[in-house]
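Student: First, the structure itself, so that you have it in front of you.
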């Protein structure tokens, strides 16, 4: 395999044939149960970049309907019961409809008329295309009635050239000519400061009237739904969204809407209908694709695996395979965590050298007044043949230290328990069972600490890890595999063939993909800069917590807060981070232990885990107070002020485990 099957990561860069070839449906009910283009209820499909909205909307469009039915568009719409008219909002270039010496009211009227013409043109062009392709009679009485009905929708006379015998073609040319004239006037308004435009149709007349005329006059479209598929809705301004929202509110059969937008792109649900506001469940339904993926994690993994297999089948020089064992294509480290920790330690340390974690403990004991006990304590935690058990024994000592217990007695008792673990025995006591459970929970983070202490990179490898890292955005997985495959090819390997993709290629690819995501997810303007700064603060804090002497939680990358006391700036930045998928909101939150109050729960996007050396698993969670949340998310809080709060937060996790000062105002963990 020479080509990188994951080179193209955005659906907008695919041809119609490529969209069809790479299409993968959701397991179970499929995407149609989320967004049925025949449903009378308009739907907004929202989420982060790379959730699959464009791929889905284009799949519903009539060019893809044709491909699904072997080039027979007529059979497609008759069997599927709808026609999908794809409309990229970016093509409107919304910035054209502003300023240039004109009032906002003027531009509002022109934008609505321009959109009416564009929608009408899309619909008429499709009908003309279908009649030509299916060799239907373009001179029939039905066609003449349809053309006349559409002409009657305009408030100005619609005059066709007398020599034009094909009414559909004449109507299509009329829409095209009208749109060209509008483009010319709008684009030159910046120079002339004039807009010589006559509004030729009332709002909604063409959007709803053309499909209605087709259904009423053309038997081909009897019972067929016209689904307007609006993509990249976030490109429209608030005023322009008012107009589209009004269309959605006043929708008439046989028309419906599917609107794709990034989560932050839904700027308003206000309409132009006397200040009425569209309500979810009444005028529209809202579908957050990531929430759907998250609700069925196993199905999401299957969905991702099928996406990857489709890519591999298309690019494979040997043709499609009956099955692709994706896990087998990625090399994994040899041995258990304990064996790998021992191997890394032997390779990185000179013979007889003391591991850095023991050197650190020795210094901490001496600096804290335990100098005379240090030799005995060090001997109790020393397990030269198993660095991972050694780290665990040190963790147990740190816990006893933080609790103010007798270190000599505790170290001796803990050593006995760790020896039982090392021998593969859990012992019979309740204490032994707790120690064994603690080791199972902590071993991955302790291994991560060993890697850090030895100057080695953290490990992220294997297809399962990459699916987890995607953060329920399929494009993230494609980008990960794109970078990993690039590195594999660069290293002279044969990815998805031969011996599999090396750990080095996986490591380098993951790092590059993580950095790409952090840059790609950045919002616009000052709030975008503030959000990235907050994510660096949060990720850095989680990292310090993970590599502290006595982590309070396992693999912490999640926070909880009741949001009470947040400054306006902090709340704005936090919400921006959520809207851009830098932070994922966990559904249903979490109940606070003491009061039972339902708190918000947020996870740092796992795509960012490699940037901050964090675990991919969502296990431990930090309960932040308002003071701590503001220190992280409020751009007005200085780095030095954050540092003081951070020092207090980490004090209970790092020897000599002093208590937090009263000024910290709150507990880190609950």
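Student: Could you tell me whether region 416-432 includes any residue that is exposed (fewer than 13 other Cβ atoms within 10 Å of the Cβ), free of Cβ contacts under 8 Å to residues at least 12 places away in the same chain and within 27 Å of residue 658 (Cβ to Cβ)?
Tutor: Taking every residue of region 416-432 in turn, none turns out to be exposed (fewer than 13 other Cβ atoms within 10 Å of the Cβ), free of Cβ contacts under 8 Å to residues at least 12 places away in the same chain and within 27 Å of residue 658 (Cβ to Cβ).
Student: Within region 275-287, can one find any residue that is surrounded by 17 or more Cβ atoms within 10 Å (Cβ to Cβ), free of Cβ contacts under 8 Å to residues at least 60 places away in the same chain and either more than 19 Å from the chain's Cα centre (by Cα) or not assigned by TED's automatic domain parsing to the domain that holds residue 58 (or both)?
Tutor: Yes, region 275-287 has at least one match.
Student: From the list 176, 242, which residue is out of contact with any helix residue (DSSP H, G or I) (no Cβ under 7 Å at 6 or more places or on another chain) and not in a loop (DSSP other than H, G, I, E, B)?
Tutor: Only one candidate qualifies: 242.
Student: Mind checking whether some residue in region 187-196 is crowded, with 16+ Cβ neighbours inside 10 Å, in a loop (DSSP other than H, G, I, E, B) and at pLDDT below 95?
Tutor: Yes, region 187-196 contains at least one residue that is crowded, with 16+ Cβ neighbours inside 10 Å, in a loop (DSSP other than H, G, I, E, B) and at pLDDT below 95.
Student: So, restricting to helices (runs of 4 or more DSSP H) that lie completely within region 1-84, which ones have at least 3 residues that are under 30 Å from residue 482 (Cα atoms) and within 27 Å of the chain's Cα centre (by Cα)?
Tutor: Of the helices (runs of 4 or more DSSP H) lying wholly inside region 1-84, those with at least 3 residues that are under 30 Å from residue 482 (Cα atoms) and within 27 Å of the chain's Cα centre (by Cα) span 16-22, 53-60.
Student: Here is a check on your reading of the model: is residue 509 within 20 Å of residue 611 (Cβ to Cβ) and surrounded by fewer than 23 Cβ atoms within 10 Å (Cβ to Cβ)?
Tutor: Considered against the rule, which asks whether it is within 20 Å of residue 611 (Cβ to Cβ) and surrounded by fewer than 23 Cβ atoms within 10 Å (Cβ to Cβ), residue 509 comes out as no.
Student: Further, regarding this structure: Being assigned to a helix (DSSP H, G or I) and over 29 Å from the mean Cα position of the chain (by Cα) is the filter here, so list the residues in region 453-464 that pass it.
Tutor: Residue satisfying the conditions is 453 alone.
Student: Counting only residues that are surrounded by fewer than 20 Cβ atoms within 10 Å (Cβ to Cβ) and within 14 Å of residue 577 (Cα to Cα), which one in region 601-619 is modelled with the highest pLDDT?
Tutor: Ranking the candidates gives 603 first.
Student: Select from region 427-444 the residues that are part of a helix (DSSP H, G or I) and more than 28 Å from residue 328 (Cβ to Cβ) and list them in ascending order. Outline the logic, then answer.
Tutor: As a first pass, look at region 427-444 and keep what is part of a helix (DSSP H, G or I): 430-444.
Selection gives 430, 431, 432, 433, 434, 435, 436, 437, 438, 439, 441, 442.
Student: If I filter region 433-453 down to residues being more than 13 Å from residue 391 (Cα to Cα) and in contact with a helix residue (DSSP H, G or I) (Cβ under 8 Å, 6 or more places away or on another chain), which single residue comes out as surrounded by the fewest Cβ atoms within 10 Å (Cβ to Cβ)?
Tutor: Per the criteria, the residue is 436.
The values are calculated or read from the model by the stated rules, or taken from the named source; none is laboratory data. Not measured: the values here are computed from a predicted model. Here the Cβ is made from the backbone with ideal geometry for all residues, glycine too, and neighbour counts use every protein chain on show.
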